[in-house]
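Have a look at the structure below before the remarks.
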Amino acid sequence: MKPIPKSKAPMPSEYQEQCQVVSWARLMVSTGQEPRLVLLHGDSSGVRLSIGAAVKMKKAGRIRGWPDIFLAVPMVEFVDDLIEYHGLFLEIKKRTGGVVSPDQRMIHKMLFEQGYQVEVCAGSDQAIRVIREYLGMEV
Ligand SMILES: [Mg+2]
């Protein structure tokens, strides 16, 4: 009996979604469309490591719950009131079924209290939309 072909491609992992956001950002820089995206940094916590490498990364400062992407661009805008952020953090999840861990929730709250915008995004498309809005690019 033949196996039933899958009708849909498998859902991309969080890591793959993050890579999509980074490659979009690099394209925006290389084409001159948004030079500020040079300051978009991807955290490597989504990369699976050996125990030895994980210990080294922890000693080097990696912490649990840290968001996947940081855009080191401050933002000031007026929408009824003055809104001001030091930068934008994104936690990337899969398109569906992503869960925010207690560590992440705690870090997000603390970053927000320090003046950063923090968004949890379901997939790369949503993350790119959030970045575009933040930078005032055409959405
Ligand atoms: Mg993530």
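General observations
- Of the residues Gln33, Phe70, Ala54, the one whose Cα sits farthest towards the positive end of the charge dipole of the chain is Ala54 (charges of +1 on Lys and Arg Cβ, -1 on Asp and Glu Cβ, taken about the Cα centre).
- Note on the stretch 29-82: Cα-only Rg and Dmax are 16.4, 51 Å.
- Each 5 Å bin, from zero up to the one with the longest distance, holds this percent of the alpha carbon pairs of the stretch 14-135: 2, 11, 19, 22, 20, 15, 8, 2, 1, 0, 0.
- Of the residues Gly42, Met106, Ala9, the one whose Cα sits farthest towards the positive end of the charge dipole of the chain is Ala9 (charges of +1 on Lys and Arg Cβ, -1 on Asp and Glu Cβ, taken about the Cα centre).
- Dipole check for the stretch 14-135: with +1 at the C-beta of Lys and Arg, -1 at the C-beta of Asp and Glu, and the Cα centre as origin, the magnitude is about 820 Debye.
Each reported figure results from applying straightforward, stated rules to the coordinates on display, with no laboratory input. Note that this is a predicted model, so its numbers are computed, not measured. Note that each Cβ is placed from the backbone with ideal geometry, even for glycine, and that neighbours are counted across all protein chains shown.
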